[in-house]
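These notes are about the structure you will find just below.
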Amino acid sequence: MNKNSKLFIVFSLFAIISISIVATTIYFLQSQTNKIKNKKNFSSVEIAKSETCLTCHSKIQGIEDSHSPDKIGCYSCHLGNPKAKSKEDAHQNMILIPGNFTDLDKTCGSPNCHPQMIPRMKNNIMNSMNGVVTVDKWVFDESASPTFKNSIEEIKFSPAEKHLRNLCASCHLSNVKTEIGPINELSRGGGCLACHLNYSEDALKELNYSKKQLTKFHPNISLQINNMHCFGCHSRSGRISLSYDGWHETLYKPEEIKSKIGFRVLDDGRVVQQIKKDVHSEKGLLCVDCHNSYEIMGDGNYYLHKEEQLQIQCVDCHLTQKPKTKKLNEFDFESKKIAELIGTANWKAEYLLSAKGNPFTNVIYENEKSFLIKKRTKQKIEIKKPSFACTEGFAHKDLSCTTCHNSWTPQCIGCHTEYDADSKMFDLLDNKDAEGEWLEHPQDLIAGITTLAVRESKNKREVIEVMPGMVLTIQKSRNEKPSFKRLFAPAFSHTIRKESKSCKDCHLNPLVLGYGRGKLDYAIKNGKGKFVFTPTYPNIKYDNLPQDAWTGFLKERKSNAATRENIRTFSVNEQKQILTVGSCLTCHEANSKVMKAALYDFDRAIKLKSNECVLPAF
């Protein structure tokens, strides 16, 4: 055999092997494609054909693609008997309102849907209400600390626990939604539906249909979460949903504001007054434009207080330094899926990360600037960096952003809480009438600047806002003397404004320092300076402090002053330092050279003061 023949044979064998490999590859890819096609057909057409539900409900509209009956049928959510031939048999054991925690393992959290969400949602503080429960029990002297593990579903019938059942317990996700209809101001709980249920105008109209009339429009289950989903629970207690849109709760009755401008009546009968919106509300941002899924649904950990579950902080977006970012292909599955579903996915973009390292699905970093994409409208807006005043010098390095930029905070400065054993209440946990009722008698509801406090942890000291959390008397029975508590709580009222408080608003404001409202005068006599405080409210008999105070003038409370163990009033020494700066501000403008220099080295500024400067003698 000559050389050419050998080459021909080798070449032929190589060609045959190559063709075989290509053919095998094509066959494999086709078989995989067919499998995918068959799987797709099975998940849509086959399921739809196999469920007799669609015999009657074949024209259903309104559900987005992820939950379309063509994809998952009806049984996945509503159970029942999908093979039955009659309406009666088909609807047997059907779940009309899926998503409640009572059925979660069979509906939304079933093995084929979202099983990973069950432990996260059950540990979610919006389900456990842990801090609400433990603080209340501590205030009622039923525990030694406000910080321990105790969920709302574990409570029994002590005075504090009956107080929770009567006034608080409806605002947890496990509370069962029992009636069809959209989420509104009166909605509480409902599990997954609390956030993900939306009714179109057509679906709303069909709510009035008789039960004998087939509907065409199904409510949607989606990521189109709006602020009404948050309102029912978050318009109480801290009143965040109210404050964000500029509303402040009052003690007016509906009939008293009929001719007044700037008021409205909520669905539960409370009267609110327009004060000033949060700047983010003015710009059209939704709650979910900032708060991510790992905050709202929890990250799987069980937290003892709300602030521990928070994932974000102002400087995550309002940048003070070069941020950490991730690209879409580096996202965890959940964040990537959310970005795709809400339409903010961009494979080239750099996404900012939250304080705990999870990506914002709608905040990107480009050209050394951060941009927010509104989840509802997809409008892209630049996020401004903090002004130089926010980071200038060293004096204010411990201040949280809200201490200067929250414009007002709702405050209740006195409440008498009493138990009437002869009355009846509605048990908000068991959802039934019960004997005995807790009654609250608030005194004053005020909107304005609030008090500052120090929050300390192992490695951090931070100045934050606090509000009167529980300034109240508690009377557990008619024959028992009332107990008195004066406790302030951490506040983030969501009333952020671009403009900030002035230096005098803090350094010369007795309310900010914890003394309460009143007149704080700086008088110079015989070459000595002295601060004199005259309170607006009289001292009350229980602790000899003004009604709205947190601590006494140039005094401090070292324990049992706040609803958190790591929050305290300013120490006497800290108060003196703040007031000393205030004395300087009685003569020097805040933007003067001497006050600017004081931001960097106050002690040096004091050494260089002129003989005309008179500092306070404490």
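The values are calculated or read from the model by the stated rules, or taken from the named source; none is laboratory data. All figures in this text were calculated on a predicted structure; none of them were measured in a lab. No Cβ is skipped: glycine too gets one built from the backbone with ideal geometry, and neighbour counts run over all protein chains shown.
Structure data summary
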| read-out | value |
| --- | --- |
| Conditions (1) within 25 Å of PRO410 (Cα to Cα); (2) in contact with a Cys (Cβ under 7 Å, 6 or more places away or on another chain); number of the one not met by LEU214 | (1) |
| Flag for ASN150 being outside any loop (DSSP other than H, G, I, E, B) and either in contact with a Phe, Trp or Tyr (Cβ under 7 Å, 6 or more places away or on another chain) or not charged (D, E, K, R) (or both) | no |
| Pairs where the first residue, in region 289-316, is at positive phi and surrounded by fewer than 18 Cβ atoms within 10 Å (Cβ to Cβ) and the second is modelled with pLDDT of 95 or more and in a helix (DSSP H, G or I), C-beta under 7 Å, 6+ apart | GLY300/PRO119; GLY300/ARG120; GLY300/ASN123 |
| Test: residue in region 315-338 that is closer than 19 Å to CYS195 by Cα and in a loop (DSSP other than H, G, I, E, B) | no |
| In region 52-67, residue nearest to PRO98 (Cα to Cα) [restricted to those that are under 30 Å from the mean Cα position of the chain (by Cα) and of a type outside the set (A, V, I, L, M)] | HIS67 |
| Unmet criterion (only one of (1) surrounded by 14 or more Cβ atoms within 10 Å (Cβ to Cβ); (2) at pLDDT 95 or above; (3) in a helix (DSSP H, G or I)) for ASN573 | (1) |
| Residue selected from region 220-238 under the condition touching a Leu at 6+ places or on another chain (Cβ under 8 Å) and closer than 23 Å to GLN411 by Cα, by the criterion surrounded by the fewest Cβ atoms within 10 Å (Cβ to Cβ) | ASN227 |
| Residues being assigned to a loop (DSSP other than H, G, I, E, B) and among the hydroxyl-bearing types (Ser, Thr, Tyr) - total across region 384-406 | 2 |
| Test for PHE360: is it touching a Leu at 6+ places or on another chain (Cβ under 8 Å) and assigned to a strand (DSSP E or B) | yes |
| Condition met for VAL581 (on the phi < 0 side of the Ramachandran plot, touching a Lys or Arg at 6+ places or on another chain (Cβ under 9 Å), surrounded by 14 or more Cβ atoms within 10 Å (Cβ to Cβ) and not small (Gly, Ala, Ser)) | no |
| Lone qualifier among GLY518, GLY469 - being closer than 22 Å to THR580 by Cβ and small (Gly, Ala, Ser) | GLY518 |
| Positions within region 69-95 being over 24 Å from ASN124 (Cβ atoms), in contact (Cβ under 8 Å) with a residue 12 or more places away in the chain and outside any helix (DSSP H, G or I), in sequence order | GLY73, CYS74, LEU79, GLY80, ASN81, PRO82, LYS83, ALA84, LYS85, GLN92, ASN93, MET94 |
| Filter result (closer than 30 Å to ILE567 by Cβ, assigned to a strand (DSSP E or B) and out of contact with any helix residue (DSSP H, G or I) (no Cβ under 9 Å at 6 or more places or on another chain)) within region 407-438 | GLN411, CYS412, CYS415, HIS416, GLU418 |
| Near pairs, Cβ below 6 angstrom, 6+ apart or cross-chain, from region 435-450 (more than 27 Å from ARG165 (Cα to Cα)) to any residue that is crowded, with 17+ Cβ neighbours inside 10 Å and among the β-branched types (Val, Ile, Thr) | ALA447/ILE275; THR450/THR409 |
| Count of residues meeting criterion [among the polar types (S, T, N, Q) and in contact with a strand residue (DSSP E or B) (Cβ under 7 Å, 6 or more places away or on another chain)] in region 440-464 | 3 |
| Residue within region 262-270 that is surrounded by fewer than 20 Cβ atoms within 10 Å (Cβ to Cβ), closer than 27 Å to ASP332 by Cβ and not hydrophobic (A, V, I, L, M, F, W, C) present | no |
| Hey, GLU201 at negative phi and exposed (fewer than 13 other Cβ atoms within 10 Å of the Cβ) or not | yes |
| Residues of region 519-538 satisfying the condition of being surrounded by fewer than 10 Cβ atoms within 10 Å (Cβ to Cβ) and modelled with pLDDT of 95 or more | PRO538 |
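Table: residues versus (1) at pLDDT 95 or above; (2) surrounded by 14 or more Cβ atoms within 10 Å (Cβ to Cβ); (3) closer than 30 Å to ASN198 by Cβ.
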position: GLU392; (1), (2), (3): no, no, no
position: SER400; (1), (2), (3): yes, yes, no
position: ALA421; (1), (2), (3): yes, no, no
position: TRP438; (1), (2), (3): yes, yes, no
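Per-residue answers, yes or no, for (1) touching a Leu at 6+ places or on another chain (Cβ under 8 Å); (2) assigned to a strand (DSSP E or B); (3) not acidic (Asp, Glu):
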{"site": "ASN459", "(1), (2), (3)": "no, no, yes"}
{"site": "GLY469", "(1), (2), (3)": "yes, yes, yes"}
{"site": "THR473", "(1), (2), (3)": "no, yes, yes"}
{"site": "SER477", "(1), (2), (3)": "no, no, yes"}
{"site": "LEU487", "(1), (2), (3)": "no, yes, yes"}
{"site": "SER500", "(1), (2), (3)": "no, no, yes"}
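Residue-by-condition table, conditions (1) within 20 Å of LEU197 (Cα to Cα); (2) among the β-branched types (Val, Ile, Thr); (3) surrounded by 21 or more Cβ atoms within 10 Å (Cβ to Cβ):
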{"site": "PRO69", "(1), (2), (3)": "yes, no, yes"}
{"site": "HIS78", "(1), (2), (3)": "yes, no, no"}
{"site": "PHE101", "(1), (2), (3)": "yes, no, yes"}
{"site": "LYS122", "(1), (2), (3)": "yes, no, no"}
{"site": "ASN130", "(1), (2), (3)": "no, no, yes"}
{"site": "ASP136", "(1), (2), (3)": "no, no, yes"}
{"site": "PHE140", "(1), (2), (3)": "no, no, no"}
